[in-house]
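First comes the structure, then the notes that go with it.
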Amino acid sequence: MKNNEQSKAKKIYNVASTVVVALIFVFMIVVVAVMLIQKNNGGESKIFGYYMYDVLTDSMSGTIEPGDVIMCKAVEDVNELKEGDIITFKAPNGNYNETHRIIGIARNEDGSVKYFKTKGDNAKEADSWELNPENVKAKYVKKSVFIGGLRRFMKHWYGYVVVVVIPLCVVFALIIAGFVKDKVALESEKEKNKAISISDISDEDKKKLLANYLSETENVEKTAEKEENGEANRAENEDNRAENRVENRTENGEKREEKREEKSEEKSNKNDDLTEN
């Protein structure tokens, strides 16, 4: 029961740690992606319908400070905007974005917006332009001092190392350590399953195991003895065959010698007969 509880707690811990590591990893990717997009787009990025802007001036000081990063929702219908809303728009007198508050709205006869009047909260006078609705990009939602500070910190090389490189190394190290730990635990579990504790075996089972072991040992010895006898018999047969071949050669040689002697004797007798005649 205790082992089951420990195993369950271990699984919960592993799942929780994996989720935390994954969230950190995703957060790091999102932060880095946002910063890279902002850098490449002149301080502007859009994620899930929200723009993120770096505040560079103090024109909205008191509400938004220089260095803050603001989140603005893309405007789908400018006619829904009202006085007091803070909007981000393309400045009519330059190719840059401005974030100011709406202080007046001029409408057409059909009720649609003709133009907006805007003003920075920290400015003494309203903006000189009449803002075309087509230049409106987004409506201010909130600011993030944390992301702004993080971006300023990451502009330095050591900030990038602390915020990106080190956490990524830690995440990868934890992932690798988790894989290694799981593999070792799996191998250990396999070894435990293979091992049979002698204390868990009854006396009768012990006797059966011993009898099986002795029987297998005896069979192995008999097999080895048969193989040895077979080798000995094969060697003896080879010796006998070799001896028979030698004897056959000797006997055949003697027979050939006898035939030669007989032929020689017959030839000698013929010569003697010829001499007498």
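List of remarks:
- Filter result for A16 (at pLDDT 70 or above and small (G, A, S)): yes
- One residue from K124, K90 being within 20 Å of D58 (Cα to Cα), in contact with a helix residue (DSSP H, G or I) (Cβ under 6 Å, 6 or more places away or on another chain) and surrounded by fewer than 18 Cβ atoms within 10 Å (Cβ to Cβ): K90
- Residue list for segment 119-159, restricted to those being assigned to a helix (DSSP H, G or I), within 30 Å of V78 (Cβ to Cβ) and under 41 Å from the mean Cα position of the chain (by Cα): V145, I147, G148, R151
- Scan of segment 103-153 for residues that are in contact with an Asp or Glu (Cβ under 9 Å, 6 or more places away or on another chain) and of a type in the set (S, T, Y), ordered by number: Y115, T118, Y140, S144
- Options K119, K137, K142; residue that is touching a Lys or Arg at 6+ places or on another chain (Cβ under 8 Å), closer than 30 Å to I29 by Cβ and modelled with pLDDT of 90 or more: K137
- Contact map, segment 81-104: first residue farther than 21 Å from P66 by Cα, second residue acidic (D, E) and at pLDDT 95 or above, Cβ cut-off under 7 Å, separation 6 or more or different chains; pairs are I103/E83; G104/E83.
- Beta carbons closer than 9 Å, at least 6 apart along the sequence or on distinct chains, pair a first residue in segment 143-167 that is of a type in the set (S, T, N, Q) with a second that is assigned to a helix (DSSP H, G or I) for S144/L150.
- Matching entry among K73, K117 (being charged (D, E, K, R), surrounded by 11 or more Cβ atoms within 10 Å (Cβ to Cβ), within 17 Å of Y50 (Cα to Cα) and in the same structural domain as M52 (by TED's automatic domain parsing)): K73
The values are calculated or read from the model by the stated rules, or taken from the named source; none is laboratory data. Because the structure is predicted, anything quoted here is derived from the model rather than measured. Heads up, the Cβs are rebuilt from the backbone with ideal geometry, glycines too, and the neighbour counts pull from every protein chain shown.
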